[in-house]
Amino acid sequence: MMPSIKLTAVAALALSAGMAFAADPIKIGVDGPFTGGSSSMGVSMRDGVRLAVEEINKAGGVLGRKIALVERDDEAKNERGVQIAQELINKEKVTAVVGYINTGVALASQRFFQEAKIPVMNNVATGSLVTHQFDDQPENYIFRNSAHDSIQAPMIVEEAISRRGFKKVAILADSTNYGQLGRADLEKALEQKGVKPVAVEKFNIKDVDMTPQLLKAKEAGAEAVLTYGIGPELAQIANGMTKLGWKVPIVGSWTLSMANFIDNAGPGGEGARMPQTFIQEATTPKRKAFIDNYLKTFKPKNNRIDSPVSAAQGYDSIYLLAAAIKQAGSTEGPKVKEALEDLKAPVEGVVTIYNKPFAKADHDAITANIPVFGEVKGQRVVYAYADDQKKAAEVRLKDANAKGALAPAKKK
């Protein structure tokens with residue numbers, strides 16, 4: 001009897017150890033600015049990620065394992081992003097990372113994940129170069145489910161030049177990688193329309209007086225101002241125009257939807273228009289459930305998500321990764337990457353239903369037919385066009401042949 005008792009005890013220990021091992025969580029890094037001028041995007045993204053993880057874990061996790069988030073505040077600083085990347089890889093041993101709000105932080109940080117063969121899901125950063133940074137390498141571990149600037153810039157130009165008939169436009173862009181890469185995309189899109197901006201002005205993060213740049217634009221006869229920046233400085237543009245008594249339309253990148261633009265610009269921000277992948281309206285059951293859950297869980301001011309686009313894309317990014325890990329049957333980076341490039345089952349997200357969102361040579365899930373124009377109205381972002389609102393319940397699906405995007409950026 002004794003040997004069999006010993007054998008049973010050993011087997012029980014082995015089973016117990018195996019169960020403990022199987023229960024180890026799948027670590028996913030979350031990198032974004034949770035403090036500072038970009039924080040309304042970063043916190044909204046993080047909270048969207050948290051909602052998705054809570055839902056997935058309640059449903060049993062992935063491969064029988066829970067997802068555990070490793071959250072880090074990069075403060076929108078490139079050097080901080082680099083430190084975090086190394087920590088997530090070497091100390092935390094993450095399976096993947098989601099986030100990156102700021103294009104500059106993404107470009108500085110994701111090279112470490114590329115070298116470590118760990119997938120990155122950019123869920124907010126829009127610089128066109130982000131997913132093309134490693135085009136010269138045989139494998140690319142960088143993915144994205146936000147609308148890149150090669151989509152947004154032509155939309156902005158189409159809105160200003162073709163839809164609204166402005167012939168003279170000025171560009172105001174911040175001095176970061178995001179602002180300057182976006183400015184270049186705007187100039188390229190304008191050139192395709194045969195238009196040269198009457199003024200191209202730059203400003204720095206934390207600048208509070210845009211008078212010199214605005215005066216140059218005004219004196220050049222600008223009929224509209226096209227912007228590439230983030231909320232606090234964009235608000236200073238709107239406030240500066242109010243002080244000058246110069247009111248022309250502001251049309252810019254999606255960041256005009258940030259709470260710290262809308263709130264700080266006040267009446268001066270009304271009417272600003274921007275491309276959006278998601279507007280906080282319950283236009284489908286999935287979107288309604290997401291919005292209701294977000295408002296109930298995080299209780300944002302005035303029941304308005306600070307950055308609805310960031311929250312929705314953050315949420316969707318986790319479901320995309322979870323689907324890839326499940327399909328791969330593994331948390332190994334190369335296998336997860338291969339699964340992302342050939343997802344078999346559609347993934348129902350808040351922004352869209354992701355049906356074959358990626359391929360080996362295409363790591364951008366959003367195509368030019370998906371975003372619509374939003375407009376600041378009554379301190380919220382609403383649909384700018386009634387036709388888009390009427391059709392909002394029709395989920396816009398990826399179309400790799402959709403017209404309207406600039407040619408992909410190439411590594412310099």
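The values are calculated or read from the model by the stated rules, or taken from the named source; none is laboratory data. Everything numeric in this text was worked out from a predicted model, so none of it was measured. Every residue, glycine among them, receives a Cβ derived from its backbone with ideal geometry; neighbour counts consider all protein chains shown. Heads up: the accessible areas ignore ligands, DNA and RNA and are worked out on the full protein's heavy atoms, side chains in. Shrake-Rupley method; radii C 1.70, N 1.55, O 1.52, S 1.80 Å.
Between Lys168 and Glu223, the built amide H atoms are under 5 Å apart, and every one of these is 5 or more places off in sequence or on another chain. Within a straight-line Cα-Cα reach of under 24 Å, Lys243 can be paired with the following lysines, leaving aside sequence neighbours fewer than 8 residues apart in one chain: Lys168, Lys202, Lys206, Lys216, Lys218, Lys377.
The fraction of accessible area contributed by carbon and sulfur in the chain is 54 percent, rounded to a whole number (1.4 Å probe; ligands and nucleic acids excluded). Membrane-span-like helices of the chain, defined as complete DSSP H segments with a Cα extent of 24 Å or more along the helix axis and a mean Kyte hydropathy of at least 0.5, are identified as 2-22, 308-328.
Diffusion coefficient (Stokes-Einstein, Kirkwood radius over C-alpha pairs, 25 °C, 0.890 mPa s) for segment 35-151: 166 µm²/s, rounded to a whole number.
Most fluctuating residue of Arg111, Arg164, Arg80 in a GNM of the chain with Cα springs under 10 Å: which is it? Per the Cα network of the chain with a 10 Å cutoff, Arg164 tops the list. Checking the Cα-Cα distances for Lys27/Lys326; Lys58/Lys326; Lys66/Lys360; Lys188/Lys403 against a 18 Å cut-off, the pairs over it are Lys66/Lys360. Distance between the C-alpha centres of segment 28-77 and segment 328-359: 19 Å, rounded to the whole angstrom.
Looking at segment 133-202, I'd like the Rg to Rh ratio, where Rg is from alpha-carbon atoms and Rh is Kirkwood's inverse mean 1/r.
Ratio of gyration radius to Kirkwood radius for segment 133-202: 1.07.
Less than 10 Å Cβ to Cβ from Pro25, Lys/Arg counted +1 and Asp/Glu -1: what total charge do the surrounding residues give? Charge balance in the 10 Å sphere: +2.
Multiplying the residue separation of Gln192 and Lys58 by 0.36 nm and removing their Cα-Cα distance gives an extension gain of 43.3 nm. Rolling a 1.4 Å probe over the heavy atoms of the protein chains gives the chain an accessible area of 42 Å² per residue. Taking 0.36 nm per residue of separation and subtracting the Cα-Cα distance, full extension of the segment from Asp362 to Glu71 would add 102.0 nm.
The shape of segment 294-412 can be summarised by an equivalent ellipsoid whose semi-axes, obtained from the alpha carbon gyration tensor, come to 28, 20, 13 Å from longest to shortest.
Per-residue surface analysis assigns Val53 an accessible area of about 10 Å², computed on protein heavy atoms at 1.4 Å probe radius. Among residues other than Ile151 with Cβ under 10 Å from its Cβ, the summed charge is -3 (Lys and Arg +1, Asp and Glu -1). The antiparallel fraction among DSSP beta bridges confined to the chain stands at about 25%. The value obtained for segment 162-285, namely the Cα convex hull volume divided by the number of residues, is 116 Å³ per residue. With contributions of -39500 (n - 2.57) from each DSSP H run of at least four residues, the per-residue ellipticity at 222 nm computed over the chain stands at -13000 deg cm²/dmol. Would you indicate which of [x] 45, 26, 17; [y] 35, 29, 21; [z] 41, 21, 20 is the value of semi-axes √(5λ) of the Cα gyration tensor in Å derived from the coordinates of this structure? Read-out taken from this structure: [z].
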